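> Can you keep this structure in mind? I'll have questions shortly.
The values are calculated or read from the model by the stated rules, or taken from the named source; none is laboratory data. Since the model is a prediction, treat every value here as computed from it, not as a measurement. Note: ideal-geometry Cβ built from the backbone for every residue, glycine included; neighbour counts use all protein chains shown. Calculation scope for accessible area: heavy atoms of the full protein, side chains included, ligands and nucleic acids excluded. Shrake-Rupley method; radii C 1.70, N 1.55, O 1.52, S 1.80 Å.
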Amino acid sequence: MTQSEYITHVEPLRPLLLRVGRDFFRREEEAEDVVQETLLRLWLCRDRLAVDDGLRPIALRVARNVCVSMWRKARLRETLTLEEGHAAGRPDSEQADGRLLSDDGQLLLDIALGRLSPSERRLFLLRQEPDMSLDLMASITGMQPRSVSSKLSAARRKVYDFIKQHL
Amino acid sequence: MNKLIDKYLSGTSTREEEQTLRRMLSAVASLTPGQRAVQAMLQAEPMQALPQWLTEDDSATYDCIVERHHRASLWRRTGIAVAASLVLGFLLVVPRGGEAENCAVATIYGQETTDEALVLGMMENTMQSVLACSTTDHIEGQLTDILNP
């Protein structure tokens, strides 16, 4: 599926995906997260999709999977204690106190990305895609270009401040 | 370079500017902590597409949880309706219950009392004015000096 085919055939499914998220979470914020995550996954898998594949049932299935996945992560976070949660959120090699002060920027980057909200992390990593413009990010996530820019800026500043503080 | 870093952090930099910034940072021998932070950020790996995103199917779990939410919502609405009915019924019944009883009210020295014995007693003594009401037998009048021989 090409970029234009994605914009033509996948983007109009947004209201349907939003309804899937609303039926599950009953909250607008989480429903938006579901839509963005679903659209992102479909974008990243676009090479394996064809327009004739029946995109609607595939998109619905992906959206339901995203809902259940988010629900499971939320339950896992609730059941873990604070210390266990910190340990689970970081790679094993980062648990020693000294590594937080490591000058390894990549290690700190992983930790910093883990501290972002799901939508901020999504935008940060999506921007790393080759040939990814702000307008295309807006099309993929269903956000306004200005919102993409401001949220991306917020994510980058958070990551930047965290890494700089711990280097 | 600092302008490019500011533009990058503001989220408005183009891909070309970010690649230029990456080249500039790699050419600097000694980077400041801020520059090292930006360098690490520019080298972040993009998200990977996972095959199971298209093949896994959690629809059964999804349907189960949605059904559970729907039932909980139904119970909540039923509870609210029952509580509202009880409150409304209480508000309607209580005043009628008060009216159903005969009540005699006497004003004695400027103060109201519904004590029937007291009212009757005062009628037998001396009253300037009596106002009595009853749902079955309305008596409204002004008795002056009736017990004042």
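> If each Cα of segment B:52-100 is one equal point scatterer, what is log10 of I(q)/I(0) from the Debye formula at q = 0.13, 0.15, 0.32 Å⁻¹?
With no solvent term, the Cα-only Debye profile gives -0.55, -0.62, -1.03.
> Quick one: what are the phi-derived ³J(HN,Hα) couplings along segment B:57-64, Karplus 6.51/-1.76/1.60 with θ = phi - 60°, whole Hz, x for glycine and proline?
So the J values, rounded to whole Hz, are 9, 9, 4, 5, 5, 4, 4, 5.
> Another question, then. Which residue, A:Val34, A:Val66, A:Val51, has the most motion in a Gaussian network model of chain A that connects Cα atoms within less than 10 Å?
Most flexible of the set in this elastic network: A:Val51.
> Divide the volume of the convex hull of the Cα atoms of chain A by its number of residues and quote the answer in cubic angstrom per residue.
That works out to 127 Å³ per residue.
> Can you pull the percent of Cα pairs in segment B:2-42 with separation above 12 Å?
Result for the distance tail: 54 percent.
> So if I place +1 on the C-beta of Lys and Arg and -1 on the C-beta of Asp and Glu, and nothing else carries charge, what would the dipole magnitude of chain A be about its Cα centre? I want it in debye, nearest 20.
The dipole magnitude comes to about 480 debye.
> Positive end of the dipole of chain A, charges at C-beta (+1 Lys, Arg; -1 Asp, Glu), about the Cα centre: which of A:Gln3, A:Ser153, A:Val51 has its Cα farthest in that direction?
So the residue we want is A:Val51.
> Please tell me the relative contact order of chain A in percent, rounded to the nearest whole number, where contacts are Cα pairs under 8 Å and at least six residues apart.
Computed value for chain A: 25 percent relative contact order.
> With the full set of protein chains in place, find how many percent of the accessible area of chain A is carbon and sulfur; take the probe as 1.4 Å.
Carbon plus sulfur share of accessible area: 48 percent.
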